[in-house]
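The values are calculated or read from the model by the stated rules, or taken from the named source; none is laboratory data. This is a predicted model, so every value here is computed, not measured. Heads up, the Cβs are rebuilt from the backbone with ideal geometry, glycines too, and the neighbour counts pull from every protein chain shown.
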Amino acid sequence: MRHRSVRVSQPILPERVGGARRAFFERGASPAGAVPDAILQSWRRCQRQGLSVDARPDVAPVPELSLRELRQRRERLWRLARPELEGLASSLASSDGIVLLTDEEGWVLDAEGSNSFLDRAGQVALMPGVRWDEGTVGTNAIGTAIVEGRALQVRGGEHFFAPHGILTCSATPIFDPFGQRVGVLDISGDARHAHLHALALGRHAVDQIEHRYFADGLDDCELLHLHAQPLL
């Protein structure tokens, strides 16, 4: 089982992020310490890919038929993740949060939780059928977690595009038993509120999904159980 490190972010002041954005995007300075290093690196990658911070990302969900095909191709991922998606959706529904499942490329396969925040997230295309990779929508938890290969949180104005500043998102990559990335689980909520436990919740959920992946492929195998005490 793959072990992942999760960095718990400290609360960040909106004015600090605003100052970091002005320093980086208007003056070309590197505001070290104002935002996490992973965010600065992501901003730089987005610029190198030709994204303009003043633009609004032009994205729309794929047609329903294409979304169904996406889900069918990732049926195993969707099936093994269902218990965690349902459990998180139930707990997040009352706290204005949502949980999302994407494939390994960042295509959103499912989004559940608070109906009011699902609507709000939909205003910036955080919804099924949209690809949330860095090259398309800039710095964001799903896409940046894919690039970094680890769990991380992107809060408010740390997103590359300003409209995404309404979100705080915490994403954890999902790996199969062979170490291949198969998807991402993301917990998103209102950027005006602290989401101190979202990364831990996501990590725990992904651990369960990865254990299920392991067990799912063992139908034709014999399991050998080892114990420190030889007589047990």
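Output the residue which, of all residues in region 46-69 that are modelled with pLDDT of 95 or more and within 18 Å of the chain's Cα centre (by Cα), is farthest from Ile142 (Cα to Cα). If we take residues in region 46-69 being modelled with pLDDT of 95 or more and within 18 Å of the chain's Cα centre (by Cα), then Pro61 is farthest from Ile142 (Cα to Cα). Residues in region 61-81 that are loosely packed, with under 10 Cβ neighbours inside 10 Å and over 24 Å from Phe175 (Cα atoms): Leu65 only. When Arg181 is tested against (1) in contact with a strand residue (DSSP E or B) (Cβ under 7 Å, 6 or more places away or on another chain); (2) surrounded by 19 or more Cβ atoms within 10 Å (Cβ to Cβ), exactly one condition is not met: (2). Residues that are touching a helix residue (DSSP H, G or I) at 6+ places or on another chain (Cβ under 7 Å), polar (S, T, N, Q), surrounded by fewer than 18 Cβ atoms within 10 Å (Cβ to Cβ) and not in a strand (DSSP E or B) occur at least once in region 27-40.
Close contacts from region 113-132, counting a first residue that is buried (at least 18 other Cβ atoms within 10 Å of the Cβ) and a second that is part of a helix (DSSP H, G or I) and of a type outside the set (A, V, I, L, M), with Cβ to Cβ under 6 Å and a gap of 6+ residues or different chains, come to Val124/Pro163; Val124/His164; Trp132/Gly143. Of the listed requirements (1) surrounded by fewer than 20 Cβ atoms within 10 Å (Cβ to Cβ); (2) over 11 Å from the mean Cα position of the chain (by Cα); (3) free of Cβ contacts under 8 Å to residues at least 40 places away in the same chain; (4) within 15 Å of Ala171 (Cα to Cα), Glu148 misses just one: (3).
Tell me, which residue of region 88-106 that is assigned to a helix (DSSP H, G or I) and under 17 Å from the mean Cα position of the chain (by Cα) is surrounded by the fewest Cβ atoms within 10 Å (Cβ to Cβ)?
Taking region 88-106 as the starting set, the residues that turn out to be assigned to a helix (DSSP H, G or I) are 88-95.
Filter again for under 17 Å from the mean Cα position of the chain (by Cα), leaving 88-89, 92.
Working: Leu88: 25, Ala89: 19, Leu92: 21.
Taking the candidates together, the pick is Ala89.
Only a single item in (1) in a helix (DSSP H, G or I); (2) under 21 Å from the mean Cα position of the chain (by Cα) is not met by Arg22, and it is number (2).
Out of His225, His195, which single residue is over 15 Å from the mean Cα position of the chain (by Cα) and modelled with pLDDT under 95?
Result: His225 is the single residue among His225, His195 that is over 15 Å from the mean Cα position of the chain (by Cα) and modelled with pLDDT under 95.
Look at (1) more than 19 Å from Ser52 (Cα to Cα); (2) touching a Pro at 6+ places or on another chain (Cβ under 7 Å) and you find that Thr168 fails only one, number (2). Considering only region 91-110, state which residues are in contact with an Asp or Glu (Cβ under 9 Å, 6 or more places away or on another chain) and of a type in the set (Gly, Ala, Ser). The answer is Ala93, Gly97, Gly106.
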